[in-house]
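Peer 1: Would you mind keeping the following structure in view while I ask a few things?
The values are calculated or read from the model by the stated rules, or taken from the named source; none is laboratory data. This one's a predicted model, so the numbers in the text were calculated from it and none came from an experiment. Neighbour counts run over all protein chains shown; Cβ positions are idealised from the backbone, glycine included.
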Amino acid sequence: MPKSDEQKAVSVYMPLDLYQQLVEFKEKENIRSDSMAINLLLRQCFGNPTPDRSDRVNRKMNQLKAEIADIASRLQQVEQKIAK
């Protein structure tokens, strides 16, 4: 049995009138999920709360490259000392 708007509003913890506005927004934006619609609204109001995943990956890759370069440099110094 399908839930009424009131039951759905209670399940997402918001007043019925606010939930009805969310339903209208979802229909206008062609969004199926309540949580996706809420996240989109939050991003529109406050911007993206976290950096893009690709930025985080790029920062981590750059950090790892720097660590590898540091280790390679130290290894080369040790090899030079052994060769002497």
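Peer 1: Please verify whether the range 14-32 includes one or more residues that are modelled with pLDDT of 85 or more and under 20 Å from the mean Cα position of the chain (by Cα).
Peer 2: Taking every residue of the range 14-32 in turn, at least one turns out to be modelled with pLDDT of 85 or more and under 20 Å from the mean Cα position of the chain (by Cα).
Peer 1: Could I ask something else about it? Which condition from (1) at pLDDT below 80; (2) surrounded by 10 or more Cβ atoms within 10 Å (Cβ to Cβ) is the one that A37 breaks?
Peer 2: The number of the failed condition is (1).
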